[in-house]
Structure formats: C-alpha cells, structure tokens
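Down below is the structure, laid out as structure tokens.
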Amino acid sequence: MTTRTRTRIARLRTLGLTGLATTGAAAAALTLIPTTAQAAEMTQAHTTAVTASSSDSQKSGYGNNLDGWIKQSLQIMKSKGIPGSYDGLKRNIMRESGGNPSAQNNWDVNAQKGTPSKGLLQVIDPTFNAYHVKGTANSVTDPVANITAAANYAAHRYGSIDNVNSAY
C-alpha cells in the first residue's frame, strides 16, 4: 500500500469519526432540549432553589452561584481526597444541566424506571446515596452536595470527573 493510499484511508477514517461525533452530539442536543413548559418549570424551580439555599452559601464565604458552588465543592473534594478540577466540573455541569441546580430529567431510561436524574450533574437518588460526601447536605438537589457526590462517583468509576466527557 502506498503512502498516498494510507493517507487517504486515514483522512476518510477521520471524516467518518467526525461525522459520527457530530451526529451523536446533535442527537444528544435534541434529546436534552426541554419543551417550553419544561423550560418554564425549570426556571421557576431554579429561582426557588437559589433563594432557599442562599444563606448556606453566604455562611461558607462562597457566592451563591455556579462559580461559588464549584469552588466550595472543590474545597470539600480536596479535603476528602476526591480528584477533580474547576474546568472538569464546569464542563460536565454545563453539558448535564446548563448550570441549573433544579434540573430534572423526566424522560430518560432512569426516569422511566422511577429514578429521574437531578441537579447540576444529573445524579439519580441511588447514586447520590451511595456516593454522598459527609459534610454536605443530604439532598441530591443541593448544588454543593450534588457536585461533590457526582465527583466522588466519577472518581470511583473513571478516576476523576475530569475524565468524563459524556453522560456517565
């Protein structure tokens, strides 16, 4: 086989993989886009959740926003030996919930089985209960508890949340 033929085959493989990745990303995006009613419901729930948990974030010295929740989680993770970075957490949060701590998936296979994914990193209750980190709220929708439990799960399953690049 000539070098030119090998180069063409390699290029075709790359194009094929790129096409598959693009198609998969488009399908995932369509699956994750909420209906207008779901979006309105999530916005209303997000406002309620942020108001309800603001005193805890203010007591901790972190902002009551995504940046503050990630930083607080990272501090807890560091103290517990759970690997992960700000960028890895934020990338996964934005993919999973768009930064909405009240996000809930009511249409995937988990939801069909009665355990919808919830929170910033879309954790199901059994996973949250198994990987909950002591010192955080015992609530799957608490932003810091959700992030920290999901990072703990990812550390056990993938080595770190930084190694997760798709739904986990």
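Every number here is computed from the coordinates shown, using simple stated rules; none is lab data. The structure displayed is predicted, hence computed values, not measured ones. Here the Cβ positions follow ideal geometry from the backbone for every residue, glycine too, while neighbour counts run over all protein chains shown.
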Computed Rg/Rh of region 55-168, alpha carbon atoms with Kirkwood Rh: 0.94
Label-point separation, Ala111 to Ala130 (7 Å along Cα→Cβ), nm: 2.2
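Estimate the FRET efficiency between Asn138 and Asp67 by the formula 1/(1 + (r/R0)^6), using the beta-carbon distance for r and 30 Å for R0, to the nearest 0.05.
On the way: r = 24 Å, r/R0 = 0.79.
So, using R0 = 30 Å, E works out to roughly 0.80.
Which order, highest average first, do 70-81, 102-113 follow once you tally other Cβ atoms within 10 Å for each residue and take the mean per peptide?
On the way: 70-81: 17.8, 102-113: 15.8.
The densest-packed peptide leads the list: 70-81, 102-113.
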Residues with amide H under 5 Å from that of Ser117, placed H, sequence gap 5 or more: Asn105, Ala111
Label-point separation in nm, His156 to Ser79, each point 7 Å along Cα→Cβ: 2.1
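Determine the gain in length on full extension of the stretch Ser166-Asp87; use 0.36 nm per residue of separation and subtract their C-alpha separation, reporting nm with one decimal.
Here the answer is 27.0 nm.
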